[in-house]
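Remarks on the structure that follows.
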Amino acid sequence: MIDVDHLSKRFGKTQAVSDLSFKAQPGLVTGFLGPNGAGKSTTLRAVLGLVHADEGKATVLGRAFRELDRPSERVGAVLEASHVHPGRSGRNHLRVLAIAAGLPRSRVEEVLSLVELSAAAKRRAGGYSLGMRQRLGLAAALLGDPEVLVLDEPANGLDPQGIR
């Protein structure tokens, strides 16, 4: 499902990831544990094609992320919860993403319900708590009903509703 093979990434003089290899198998939850700066987020960004590895490679479902057909229906990702226009409602944020991905509007209501944000869907996202923004990010990742979810610090700031 996710295959990382001898991945290395350097930012200037800082070695962020060094010769990392692993396979995340289908149907399993796989996590990274490590201190800040250990390269966990950089690895996930490399898997998603957001940073270019200096050496090695990362594939999702047997292909580089950029080569996937309809990637939003194959891979959902939450990297940071704060990338939402603060003046846009949670519902409208998801609608824009659904339209961009060619997904039906009905899917927006489904994922809002799934992450228990239906009651707050009309509110501006700038007024959401960190936990609510995390859940909105998860809703965005789930829009395409993906086969794979990539979550960076998924429990960071989650409120009791989000932990369920």
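The values are calculated or read from the model by the stated rules, or taken from the named source; none is laboratory data. All figures in this text were calculated on a predicted structure; none of them were measured in a lab. Note that each Cβ is placed from the backbone with ideal geometry, even for glycine, and that neighbours are counted across all protein chains shown.
L7 - would you say it is of a type outside the set (K, R), touching a residue at least 24 places away in the same chain (Cβ under 8 Å) and not assigned by TED's automatic domain parsing to the domain that holds A119?
Working: of a type outside the set (K, R): yes; touching a residue at least 24 places away in the same chain (Cβ under 8 Å): yes; not assigned by TED's automatic domain parsing to the domain that holds A119: yes.
Yes.
Quick one: which residue in S89, S41, S72 is hydroxyl-bearing (S, T, Y) and over 17 Å from the mean Cα position of the chain (by Cα)? Break it down stepwise before answering.
Values: S41 fails: over 17 Å from the mean Cα position of the chain (by Cα); S72 fails: over 17 Å from the mean Cα position of the chain (by Cα).
Just one listed residue meets the conditions, S89.
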Being at pLDDT 95 or above and small (G, A, S) is the filter; apply it to segment 75-97 and report the residue that is surrounded by the fewest Cβ atoms within 10 Å (Cβ to Cβ). S89
